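What follows is a short report on a single structure.
The values are calculated or read from the model by the stated rules, or taken from the named source; none is laboratory data. Because the structure is a prediction, the values reported are computed rather than measured. Note that each Cβ is placed from the backbone with ideal geometry, even for glycine, and that neighbours are counted across all protein chains shown. Accessible surface is based on the protein model in full, side chains and every heavy atom, while ligands, DNA and RNA are left aside. Shrake-Rupley method; radii C 1.70, N 1.55, O 1.52, S 1.80 Å.
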Amino acid sequence: MSTDTNTPLLSVENLRFRWPSGQRDVIEIPELSIQQGERVFIKGESGSGKTTLLSLLGGINLPDSGTIKLIGTDIAQLKQSHRDQFRADHIGFVFQLFNLIPYLSVLENITLACAFSKCRKAKALAKSGTLEDEAYRLLSHLQLQDRRLLAKPVSDLSVGQQQRVAAARALIGSPELIIADEPTSALDADTREHFLSLLLSECEYSGSSVLFVSHDPSLENSFDRSIYLSALNRAVVGLPADQQESAL
C-alpha cells in the first residue's frame with residue numbers, strides 16, 4: 001500500500017471516547033497527525049489518557065465519534081476481523097511488559113507477527129531470504145549477535161534481552177507505524193538511551209514512523225517532535241490531579 005508523502009501517515013480528528021459505564025469523556029482530542037517516517041514523542045503521565053489513546057489508535061477500542069485514519073483508512077469503519085488484520089499488517093507494538101510468549105523460542109516470538117500478516121512476511125523475506133535470517137538481522141542490529149539465542153525460550157533471557165526481542169517482533173516486516181508504550185521503564189539510564197538509539201535507527205532504516213509514549217522527559221531530544229498528552233487531551237485538561245486517573 002503506497003502513501004502520498006503529503007498526506008499524514010496517521011491522522012486523528014475530533015476524537016471522543018468514554019467507557020460504557022463512564023459519566024464523561026476520557027478522550028477528547030481535536031487533532032493529531034504523524035507524517036511518514038516521523039518520530040513523535042508523547043509524554044503521557046498517569047491519568048493523561050495514554051493507555052486509552054493507544055487502544056484507540058490500534059483499533060482495539062472504537063471511538064464514540066471522530067476519525068482515526070492510518071494510511072488513509074478510517075480504522076473505526078472496518079469490521080472487527082478486517083480491523084484486526086489491518087492492525088497486524090501495518091502496526092508494530094512494543095509493550096511496557098513486552099508481552100512475549102514464554103513457552104515459545106526467541107525466533108518463534110519474533111516471527112509471530114508474520115504468521116498473522118502475509119504482507120509483513122513478504123517484506124521480511126524480501127530483506128533476508130528467510131524469516132530466521134531476518135530475525136537474526138534485527139537482533140544483530142539491536143546488538144544481540146549470538147545466533148544461538150534464536151533457539152532459546154524467551155524466559156531464559158535477561159530483561160534487557162527480552163526487551164530487544166520484543167522490539168524485533170514489532171519491527172519485523174517493516175510495519176508503517178511502530179507504537180511503543182513505555183518500553184524503557186524497566187531499564188537503567190545508560191541501557192535505556194542505548195536501546196532507544198538502536199530502536200530509532202532500525203525504524204529509520206525500515207521507513208517506519210514511531211509513536212513513543214513515556215513519562216520520562218529525558219528521552220524527548222531523540223525525537224522530531226514532542227507532545228504533552230495532558231495538554232492535547234481536552235477531556236483531562238483542567239481536571240484536578242486526583243480525578244484524572246480515576247476518570248481514565
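The table below gives the values:
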read-out: Cα→Cβ-extended label distance, 7 Å offset, between PHE116 and ASP216, nm; value: 2.6
read-out: Loop-resident sites, the stretch 1-68, for trypsin sites (Lys or Arg not before Pro), counting at most 12 other Cβ within 10 Å (DSSP); value: ARG24
read-out: The chain, helix-only ellipticity at 222 nm - DSSP H runs n ≥ 4, -39,500 (n - 2.57), divided by all residues, nearest 500; value: -10500 deg cm²/dmol
read-out: Span from the the stretch 133-190 Cα centroid across to the the stretch 36-112 one, whole angstrom; value: 18
read-out: Heavy-atom accessible surface of the chain: percent carbon and sulfur, 1.4 Å; value: 48
read-out: All-pairs Cα distance distribution in the stretch 176-237, expressed in whole percent, bin size 5 Å; value: 4, 15, 27, 25, 16, 8, 4, 0
read-out: Label-reachable residues, the stretch 163-195, where backbone N falls under 20 Å from a point 7 Å from SER33's Cα toward its Cβ; value: 176-178
read-out: DSSP bridge orientation in the stretch 10-246 - percent antiparallel, rounded to nearest 5; value: 45
read-out: Accessible solvent surface per residue of the stretch 10-246, calculated while the other protein chains remain in place, 1.4 angstrom probe, Å²; value: 46
read-out: Kirkwood-based Rg to Rh ratio, the stretch 126-223, C-alpha trace; value: 0.95
read-out: Selection from PRO175, ALA115, ASN6, by position along the positive dipole direction of the chain (Cβ); value: ALA115
read-out: Highest-first arrangement of 215-226, 171-182, 119-130, 53-64, where packing means the average Cβ count within 10 Å; value: 171-182, 53-64, 119-130, 215-226
read-out: Violating pairs (Cα-Cα greater than 28 angstrom) within the set LYS121/LYS152; LYS50/LYS127; LYS50/LYS79; LYS50/LYS152; LYS79/LYS121; LYS43/LYS79; value: LYS50/LYS127; LYS50/LYS152; LYS43/LYS79
read-out: Three-way shape label, the stretch 80-139, alpha-carbon gyration tensor, a/c 1.5; value: oblate
